[in-house]
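Derivation of every value follows stated rules applied to the coordinates shown; laboratory data play no part. Owing to the predicted nature of the structure, the values given are computational and were not obtained by experimental measurement. Here the Cβ is made from the backbone with ideal geometry for all residues, glycine too, and neighbour counts use every protein chain on show.
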Amino acid sequence: MKTLNNVLKPIFIVAIILTIGFSGCKKNWFNFEENSGGKGSGGSTNTGNIIYAKGTIVNFECGKSIYNDGNNLWIKLDDGQMLQPCEQTFKTTATIVLHDGDKVELKYHKYAGSITGFEFYCKIANFNYTRASIDYIGTIGTRTTTSCPNVIMAKDYDKQTSASANMLDAKLVGMELQLNIGYSGCSKNPKRFGMIAKLLPTAGPLPVYEIKLIDNAPEMCMAAFTDNVCYDLSALKNLSNSSKISVVIKGTNTQFSL
């Protein structure tokens, strides 16, 4: 009997360790919906250092992330915050494929590692974002439309030339500035245009930002095109401590308050 007990004891201990280990992995990696309140919950929930949230994958066209082969897929949370994914802490059997415009649910914590390799590779003076370690991410909706790129603050705003494009129409829909532009080039490529901003000195309490289109890839051909483009102003709003801001499009009399 003593011999049998000596044989069974280590087997019993190993079984307990394996049970704890596997249940811990399942809870940490795959039990997101239970902890976050399910698909009906919105916004972000902070539990200790882990934050549960929903958002949209955006092609920020700036900086780096761990997704899209180390290029520029970021996560824009439903509350407007921007996340730069710097590492993924969980393992998968297949590569996670994300696309611009995908709706996702995730849990993350602030990235505490070295920032080498995750610096911005574009001209930004100031932009609120969080470097994040992704503890879970899953798509909850497939891409239906391309998201609007952010309007960004630029250090050398005054040195950058406005794009040679005609502003045919401009309207504000929520936080999106929707433009219809006419431009020339060799091909129809509205993605070559970006929008940058600077804060104007004002005497009043309302922050006023001047914004302008820039051409990131000018083309010398003279073929004429018209396109609808859009830009997200929520980053400017988040940057401000004011509940309202005003936006002026350079070279026009167009001004919006949001």
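Assorted remarks:
- Rounded to the nearest 20 debye, the dipole magnitude of region 152-257 is 160 debye, with +1 charges on Lys and Arg beta carbons, -1 on Asp and Glu beta carbons, and the Cα centre as origin.
- With the simple spin-label model, which puts each label point 7 Å out from Cα in the Cβ direction, the C221 to I140 separation comes to 4.3 nm.
- The simple spin-label model puts a point 7 Å past each Cα toward its Cβ; for L168 and L206 those points are separated by 3.0 nm.
- Under 20 Å from a label point set 7 Å out along the Cα-to-Cβ vector of N241, the amide N atoms of region 184-210 belong to 198-210.
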